[in-house]
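The values are calculated or read from the model by the stated rules, or taken from the named source; none is laboratory data. If you're wondering where the values come from, they're calculated on a predicted model, not measured in any experiment. Positions of Cβ are backbone-derived with ideal geometry, glycine not excepted, and every protein chain shown enters the neighbour counts.
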Amino acid sequence: MVRVFALALLALAASFVVRSKPAWAEPANGKATPVYVLSVWTNDVDDQADALTQALRSRVRLAPGWSLTESNQSFETLSIALRCPPTPNQACLDRIADQIHADHYIWGTMSKERPGEVTAELRLWTRGKPQIEANESYNENLKDPSDDALRAVAGRLIAKLTSNGITGTLLVHAGNANGSVLIDGAAKGRLKDGIARLSVPEGSHTVLLRVDGFTAPSQTISLTDGGDADVSFALSPAVEAPVAEAAPEQPPGPGKPFPTRKVIGYTVVVIGAGFLVASGIEGAGWLSDKSDSDQDRSSVPTTVTDVCATPVNAAAADACQKSKDASSAATLGWVFAGIGAVLAGTGIFLVVGDHSGEASTETAAAPTKPKFDLLPSLGAHAGSLDVRMTF
């Protein structure tokens, strides 16, 4: 009776004297849920219960979405101080939550039910919600909180209680560098002074570091059944790819102007050639009419000097008409020839004298060969005109 009363006084004193402080599993924010992990209650395996309690708290620190609120109080002392029944009921659990000012806490018991094995039964109490239960049996020799096997047990229990799935702990070493750790391509934690401790789901994962000025090949790790993994990176200075010198930008050259002068020149040459052709046709007509007029004149008496003034017969009238036609053809031929020659000469001058599209050189350019040769040829008897153009 004295022992029970002493324990009750000790619990009450601890509840008012011992101050709780949060140890966040992730940076403090509105999404992280604070939770107490009360010391596991046991009557026969104290060392195993203490080791599991510490392992559970380490796991909560790493659990995503949860933050650990540190407390040295045990469920046993609180239960005795609040006069809870041997099997705590809902009213007792609510009083414990009010006593430690918590909305979430993990409590549990441990016992040795079979030789060489202990069984832990844990529960997550949440205000206004049913409790979540989880249990695990394991070897009683696991008494070291840092033992990988015990940490795996704690990982499975926390995963069941928080419904986060089974996770393991990944410990990353990389000298004394600072940066970020990428798991499967996504940033999952910070590397500080060369160390990062992360909670990672079980399975195979690719780990990559991102450190300014350094590089290291990625590594593949595998976590099974809530276990741990340790990986080390050897950083090497990042080699920057040489930057090719950009060729000096050349100022844009002047655009080639539209050859207006040449276009006009060619057009004028073609028109002039047309007039020359027409002149040739008129010349041929003059020759034909003159020949016919001379032929008709031979049938007129020699005493008639002007066949047009004295048309003595049909031959004289025809000779008169042919003579007039020949005169008109000769006049048009000379007019067309003059216009054609002027136009052709002007066009040749415009084309040959246009150097706007030619590149300038330091040396004198060779004499330009004429691009056009107009060689009119009139046959004395053929009545034809040849126009030759060389481009």
**Study point:** Selection within segment 118-154 - in contact with a strand residue (DSSP E or B) (Cβ under 6 Å, 6 or more places away or on another chain), of a type outside the set (S, T, N, Q) and within 18 Å of P34 (Cα to Cα)
**Key:** L122, R123, L124, W125, I132
**Study point:** K129 vs. criteria more than 20 Å from A63 (Cα to Cα), free of Cβ contacts under 8 Å to residues at least 60 places away in the same chain and either surrounded by 16 or more Cβ atoms within 10 Å (Cβ to Cβ) or not small (G, A, S) (or both)
**Key:** yes
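Matching residues to (1) in contact with a Cys (Cβ under 7 Å, 6 or more places away or on another chain); (2) farther than 25 Å from R59 by Cβ; (3) surrounded by fewer than 19 Cβ atoms within 10 Å (Cβ to Cβ); (4) without any contact (Cβ under 8 Å) to a residue 40 or more places away in the chain:
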| residue | (1), (2), (3), (4) |
| --- | --- |
| S180 | no, no, yes, yes |
| G189 | no, no, yes, yes |
| A196 | no, no, no, yes |
| T206 | no, no, yes, yes |
| L209 | no, no, no, yes |
| G213 | no, yes, yes, yes |
| S222 | no, no, yes, yes |
| S232 | no, no, yes, no |
| L235 | no, yes, yes, no |
Review point. S232: within 30 Å of P217 (Cβ to Cβ), among the polar types (S, T, N, Q) and modelled with pLDDT of 65 or more, yes or no?
Key: yes
Review point. Are any of the residues in segment 269-279 over 18 Å from V335 (Cβ atoms), at pLDDT 80 or above and surrounded by fewer than 17 Cβ atoms within 10 Å (Cβ to Cβ)?
Key: yes
Practice item. Could you tell me which numbered condition S67 fails, if it satisfies all but one of (1) crowded, with 19+ Cβ neighbours inside 10 Å; (2) assigned to a loop (DSSP other than H, G, I, E, B)? Key: (2)
Point to revise | Criterion: under 28 Å from P259 (Cβ atoms), modelled with pLDDT of 70 or more and not hydrophobic (A, V, I, L, M, F, W, C) - qualifying residue of G283, G340 | key: G340
Study note, to complete from the structure: Residue hits (segment 116-145; of a type outside the set (D, E, K, R), modelled with pLDDT of 90 or more and assigned to a loop (DSSP other than H, G, I, E, B)) are G116, N141, L142, P145
Review point. Does H173 satisfy being surrounded by fewer than 16 Cβ atoms within 10 Å (Cβ to Cβ) and either of a type in the set (D, E, K, R) or in contact with a strand residue (DSSP E or B) (Cβ under 6 Å, 6 or more places away or on another chain) (or both)?
Key: yes
Review point. Conditions: (1) in a loop (DSSP other than H, G, I, E, B); (2) within 20 Å of R59 (Cβ to Cβ); (3) out of contact with any helix residue (DSSP H, G or I) (no Cβ under 8 Å at 6 or more places or on another chain). N176 meets all but one. Number of the miss?
Key: (2)
Review point. Under the condition of being in contact with a Lys or Arg (Cβ under 7 Å, 6 or more places away or on another chain) and outside any loop (DSSP other than H, G, I, E, B), which residue from segment 152-173 is nearest to V231 (Cα to Cα)?
Key: L171
Practice item. Being modelled with pLDDT of 90 or more and among the aromatic types (F, W, Y) is the filter here, so list the residues in segment 11-40 that pass it. Key: Y36
Practice item. Report, by residue number, each residue of segment 239-268 that is of a type in the set (K, R) and either at pLDDT 70 or above or part of a helix (DSSP H, G or I) (or both). Key: R261, K262
